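Following: one structure in structure tokens, then a few remarks.
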Amino acid sequence: MLSTHAALRRLVPPLAAVALAVFGTQARAETHVFELDAPAAQVVHLAGEMTRWDQGKIPMRRGADGKWRASVDLAPGQWVYKFVVDGRWIADPANADRAADGQGGQHSFVFVGAGDWQVRPKVPQGRVDTLKLPSKAWGKAMKVNVYLPPGFASGADLPVLWLLHGSGTDADQWLKTGRVDRYMDNLIARGAIRPFVIVMPSSESVPYVDVSDEFISWELPPWLARTYGLRTERARSAVAGMSMGGAGAFILPVRHPGLYGFGFALSGAFDDQVIAALPASGPLPMQAVALCGRDDTLVGANRRLAQALRARNARFTYREDAGAHTWHYWSRRMAEMLISVDIYFAGGHAKAPRGR
């Protein structure tokens, strides 16, 4: 893998090669049995990313033991789901893998097949610090998760990825649902990436401007320096995210070109304000990547962004893949995102443009 990784570093843009190296050929689907112990229920359905939620929810059958079951063929990756029990949507009570659903409740999820989402024996594990940090901008304490790679010691000369969540959730989305720490541990262990730190701030349902921007761009960097001895200047600082966080991966580097040199957006929620804030012409102030599923509800917004960037003669990478606005899609892009961030950190950085 090391030789492949070295070769990837010479490619600009690297995304096509990264995708090939990470995914290779399409793996086969596997049959997964969903089960719910609810003997008093009258009607139970399985609903989730695999059914397009309510659109194609699957009737479950009750066995003699009172348990409801449904067998579904699923492609490898992550799948988010719920049960609909007599019209009531619930997370799977028997599955500890659950997290906030962005709508005030919780969803459950499963990982199918082998992948970097797994905890693997003998792979050194990094640590995650979860903190509630006082914020002057927010006027309250905000949750922040910090992934520190295996063997991290304060003052280590490591770059930082700012990883932004989607609307209605918080710093836990990439950690508890996305399991980004597992991807990092596995990719580092096999030499696919070099160690770096990930900071996952909370922004609730607030886009990454105003108070959220102030918190991330001006309050957190000095705290990182004091707490971990980390430096976060442009060449050592990248931003990535999904949905609302994908838009943030463009917003922050455009607003603060001296702070962030790379933005990677997955299924970005790019509205007219984000597009209007782009430079009027010429290059973007950062290296930029935007990926989106062809069946994503936000694919139109992503295409408008790409069209606006082409009209400005800006250099960027845009690609559409099979997939929708789902964790199944994002789980299949996770390693690609992290490898691309590492390639940016490895070198070839443009000089920071003038201005704050």
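Just so it is clear, none of the values below were taken in a lab; they were calculated from the coordinates. A quick note: this is a predicted structure, and the numbers were derived from the prediction, not measured. When we count neighbours, we look across all protein chains shown, and the Cβ atoms used for this are built from the backbone with ideal geometry, even at glycine.
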Two-site label geometry, Ala308 and Ile275: point separation in nm, points 7 Å out along Cα→Cβ: 0.6 nm
In Hz, Karplus ³J(HN,Hα) per residue of region 176-181 (6.51, -1.76, 1.60; θ = phi - 60°; x = Gly, Pro): 7, 8, x, 6, 4, 5
Helix-derived mean residue ellipticity, 222 nm - over the chain, DSSP H n ≥ 4, -39500 (n - 2.57), to 500: -7500 deg cm²/dmol
Relative compactness, region 161-276, computed as alpha-carbon Rg over 2.2 N^0.38 Å: 1.03
Proximal charge balance of Arg190 [Cβ under 11 Å; K/R count +1, D/E count -1]: -1
Sorted by Cβ density within 10 Å, fewest first, the residues Ile188, Ile58: Ile58, Ile188
Cut-off under 5 Å, modelled amide H: who pairs with Asp92 long-range: Phe83, Ser108
Backbone HN-Hα couplings from phi across region 122-135 [Karplus 6.51/-1.76/1.60, Hz, Gly and Pro as x]: 6, 8, x, 10, x, 10, 10, 9, 10, 9, 10, 9, x, 10
Förster radius 45 Å - calculated FRET efficiency between Asp65 and Asp321, Cβ distance, rounded to 0.05: 0.65
Helix axis angle, 299-311 relative to the chain longest principal axis, alpha carbon, degrees: 20 degrees
Among Phe111, Phe262, Leu291 the positive-end extreme of the charge dipole of the chain (Cβ point charges): Phe262
Computed label-point distance, nm, for sites Asp210 and Asp73 using a 7 Å Cα→Cβ extension: 4.9 nm
Karplus-derived 3J(HN,Hα), 6.51/-1.76/1.60, for each residue of region 105-110, Hz, glycine and proline x: x, 10, 10, 10, 8, 10
Spatially proximal lysines relative to Lys82 (Cα-Cα < 18 Å; intrachain offsets below 8 disregarded): Lys57, Lys67, Lys176
Environment charge at Ser331 (Cβ cut-off 12 Å; Lys +1, Arg +1, Asp -1, Glu -1): +1
Computed lengthening from Ala94 to Ala225, 0.36 nm per intervening residue step minus Cα-Cα distance: 43.0 nm
20 Å tail of the calculated P(r), region 30-112, as % of Cα pairs: 26 percent
Debye, to nearest 20: dipole size of region 30-112, +1 on Lys, Arg Cβ, -1 on Asp, Glu Cβ: 220 debye
Share, in percent, of DSSP beta bridges within the chain that are antiparallel, nearest 5: 65 percent
Average projection area in nm² (convex hull over Cα atoms of the chain, one quarter of hull surface): 18.5 nm²
Peptides 123-136, 192-205 ordered by average Cβ neighbours within 10 Å, highest first: 192-205, 123-136
